[in-house]
Every structure is written in C-alpha cells, then in structure tokens.
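The values are calculated or read from the model by the stated rules, or taken from the named source; none is laboratory data. Model, not experiment: these values are computed from the prediction. No Cβ is skipped: glycine too gets one built from the backbone with ideal geometry, and neighbour counts run over all protein chains shown.
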Amino acid sequence: MRRVLSGWAAIGCLMLSSAAAMAASAAPPDASETWLLRADQGDAAISTILELHRSADAVEGHSGPLDTLGAYPLHFRGARAGAVLHLVAKSDEETVGAIDVTVTGDTLTGAGKLFGTPVALTGSRSGRAQRPPATYDFDPDRFHVLTSNLPPPVLRLVPGDRVRTRTVDNYGRDENGVAAAMPGNPGTGPFYVEGAAPGDTLVVHILKLTPNRRTARMARALAGTAVGPGYSQTKDPARTDTWLLDLQDGVARLQTPSARLKDFTVALKPMLGVVGVAPPAAASTPNSDLGEWGGNLDFPEMREGVTLYLPVFQPGGMLFIGDAHALQGDGEVTGQGLETSMAVEFQVEVLKGETLSQPWSENAEAVMVSGVGGSLNDALQSATTGLAKWLKARYRLDDTDVAAVLGTSLELQIAEVVDPKYHVVAKLEKRVLGQIR
C-alpha cells in the first residue's frame, strides 16, 4: 500500500544545506540531500524528514512543525559562514528563532532557539550506502517502561539485521529472578533501523522465543473488565501466583495447586506481549498501553514464526520489545499471561512508502489485522476496516469482492480486554487468500 505524503504537518520536510560540503568545493546549482532529523527540546523530541536544498552560498527551505503541538510550519532562509549555516526560522512571516547547522559526512548537527526554546538538532543521511546485514548479540543493561523516541538507540540496525537479546518480565525481574527494572512491562530497546522513516512500515520477524527461567507468575483472579459487575471472587490465600515451567517437556503447572488441579498442565506457547515503535509526534506512552504504534498488544499469536508490520512514525522506527509470556489465553482475562523473562531473536526489514496505519501480522496460516479501540466495538470495527483496506490494496478487490470474502471467511479473535484499550484481531486464512486471483 503506497501512501502519498503531502502537507507539512504530515511529515515536515526541513530544507537546509550541507555546510561542510560547500566548504570543500563549490556547490552545484540546486543540490539536494535527504536526511532523517531529530529535534531535541529537553522534555520532548520531534522527528521528521529533512530535504536539504542549496545554491552557491545561499540556503532556503521549509519544515513541518517542530513544536510539540504540531501547529506551526516553518520557513528557513540562511547563508554559509565558514563551516556553519546560519538559518533564520519564520512562521506565518513572523521570525520565531534561528539555528546554526553543520554537516560532516553523513552526520548533521545544529543548535539554536525556536519560539524562545533551546533546540538541538541531530540527523543522519537517508538512503546512504548500507553495510551487509549482520547478527548481533545484545545484552541490555537498562530497560524502559515508556515507549518514546527520547532514549538513545541501543543498536543502529540495517534492514536484514538479526538481533539476539533478552527481556525481563512485567515486574522487571530478569532470568535469575532479580529486579533489573521498574515494574510496568519494561522494554528492551530502542532499536533504530536505518532507512525507516514516517510513512514506511517496519517489519519485525520473530524468529525464536525461549523462556530463560523456570518460573512464571499470573494473577489468581479474573480481571474486572473480563467479568460482569455482579461476579464475586475470593482468592485462596494458601495458593500462590507462581507457575513452574518445565522447559524440557514444554509444559507449565501450578506451584501450589488445589486438589482438583494437581494434574492440570498447559503447553508452553512463548509470546511477546509488547512489540512497538515510538508513537507519533512527541508522544511518550506507558508500556501498558497500545495503539497504532503496536505496544502492549498482548496477542497470543505473537510467537515464533510470526511477522509483525508496524507503521513508522519516527525516523528509525525506535523499536521496543518486552512483556514476555510463556503462555496467554485470549483476552488476557486475568490481566496477565504466564509472566516470565525470555531470550529473543528477531530480524528487521523496512517497506518503503507503505503503511496500513495500524499493526498487522502474518504467520504460515493466516493474515491478521489488529484493531485497537476504547471499546470492543471500536476495536472490532478498526480490525475489520483494516482488513478490508488491506484486501483492496493487496488484491485490488472492489467493495463487492471484499464483502464476499469477509462475509464468508472472516475470523475475529479477542486478543486483549484488560489493558487501557481493547484489541480485536481480524483474521483470514491463507488458504482463502490463495483462491483470489
């Protein structure tokens, strides 16, 4: 699906100049370069695409809003002074600040003030030659309970790279049961993927998920949003929320079962509860939340062999993973799966200029579109609408064709009912898709 990006508020194309290149040699007429830019303002960071235009010693350009409201597009004029570009910024013909910019090789840096606020710019050249894909072993020493574009990337990846790493559980405890982070679904990352820009899709292949300790925890009562208001529950104080994981046989059992459940075991199906990118604009969201950026999807199918497609809102995507479950039932009706730590291997790719504007995924059997909303009805409508749009874009079906396919073959799965938003997945089996010409 190709989306045409128009309007400064959508992307923000900041047109500046390469001072270092001009210092080295005379600039060709109307030279241009494309960059991925980050504007740090202390308590917020705005990201955008930069397109640099220059002619001789002059530079002129525009950008989308660099304010956190996203309300004030900017126009720049400036000139080179040695290795530095002095740029004056205007909005609606009113001068709102000035920035000095320097470009060295594939790196852009700058500093100044906009609307009286200090701003620091950093940028990397978009579309530059990339190295061959590699495999990284990354052992994190810090985890994040907020998803945003503020933390510095722990790795800068290129499409095709693989990463072997680990997560802690939702309480922040590691593979040894030791507290390593604040509770709240702490995430590993962020991982920056070169070439991923707003309007693209970040592709995450989940290659391997392995629980790396022998215990998990799950709440001992159903969540209030999963049952009716008159349903009363009493937790047995003699029983714990700990489950024992038999990694050799691939099953879990209660540590302190009742007499009726002493033979009760469940097969392990390791999954990731949190996989997401930095949200739009300057948003910073708790890892308990979910939305168009992914996040705390808590979808039981997020297992080995699945590929997740996430719309990109910030340069590099800024990917976070975490909240691993050894197993989770549909809806996460206790508010938790079998919460544990995990060894994870994943691979990244980038689809340029394609986005569904919501997460979708596929495995060997099906294609699945995630709908997230404030109610089950909203989430269902979002999921069904997204799958209909996907069919139109991928298979060029008209509305009558879409109705025939979804009316006969649509499957709906309730993934999540206990988080800040509901998550419903619209699914089509690939055997159905295989009949479409």
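What to note about this one:
- Residue list for the stretch 83-99, restricted to those being closer than 21 Å to Ser32 by Cβ and either exposed (fewer than 13 other Cβ atoms within 10 Å of the Cβ) or in contact with a helix residue (DSSP H, G or I) (Cβ under 9 Å, 6 or more places away or on another chain) (or both): Ala83, Val84, Leu85
- Among the residues making up the stretch 328-366, a single one is crowded, with 20+ Cβ neighbours inside 10 Å, in contact with a helix residue (DSSP H, G or I) (Cβ under 8 Å, 6 or more places away or on another chain) and among the aliphatic types (A, V, I, L, M): Leu356.
- Any hit, the stretch 167-189, residues being buried (at least 16 other Cβ atoms within 10 Å of the Cβ), modelled with pLDDT under 95 and in the same structural domain as Leu297 (by TED's automatic domain parsing): no
- Restricting the stretch 397-437 to residues that are surrounded by 12 or more Cβ atoms within 10 Å (Cβ to Cβ) and among the hydroxyl-bearing types (Ser, Thr, Tyr), the residue that is nearest to Trp293 (Cα to Cα): Tyr422
- Residue list for the stretch 75-89, restricted to those being touching a residue at least 40 places away in the same chain (Cβ under 8 Å) and out of contact with any Asp or Glu (no Cβ under 9 Å at 6 or more places or on another chain): Gly82, Ala83
- Residue that is nearest to Val158 (Cα to Cα), among those in the stretch 100-110 that are surrounded by 14 or more Cβ atoms within 10 Å (Cβ to Cβ) and in contact with a strand residue (DSSP E or B) (Cβ under 6 Å, 6 or more places away or on another chain): Leu108
- Subset of the stretch 123-146 [crowded, with 18+ Cβ neighbours inside 10 Å and closer than 18 Å to Thr48 by Cα]: Gly123, Ser124, Arg125, Ser126
- Taken as a whole, the condition of being among the hydrophobic types (A, V, I, L, M, F, W, C), more than 18 Å from Asp419 (Cβ to Cβ) and not in a strand (DSSP E or B) applies to Ala282.
- Residues (at negative phi, assigned to a loop (DSSP other than H, G, I, E, B) and more than 12 Å from the chain's Cα centre (by Cα)) located in the stretch 290-307: Phe299, Pro300, Glu301, Met302, Arg303, Glu304, Val306
- Gly407 being touching a residue at least 40 places away in the same chain (Cβ under 8 Å), in a helix (DSSP H, G or I), not assigned by TED's automatic domain parsing to the domain that holds Val275 and not basic (Lys, Arg): no
- Filter pass, Ala196 being out of contact with any Lys or Arg (no Cβ under 7 Å at 6 or more places or on another chain), assigned to a loop (DSSP other than H, G, I, E, B), farther than 22 Å from Gly160 by Cβ and of a type in the set (Gly, Ala, Ser): no
- Residue match in the stretch 41-58 (condition: modelled with pLDDT of 85 or more, part of a strand (DSSP E or B) and surrounded by 15 or more Cβ atoms within 10 Å (Cβ to Cβ)): no
- So Val154, is it at pLDDT below 95 and surrounded by 15 or more Cβ atoms within 10 Å (Cβ to Cβ): no
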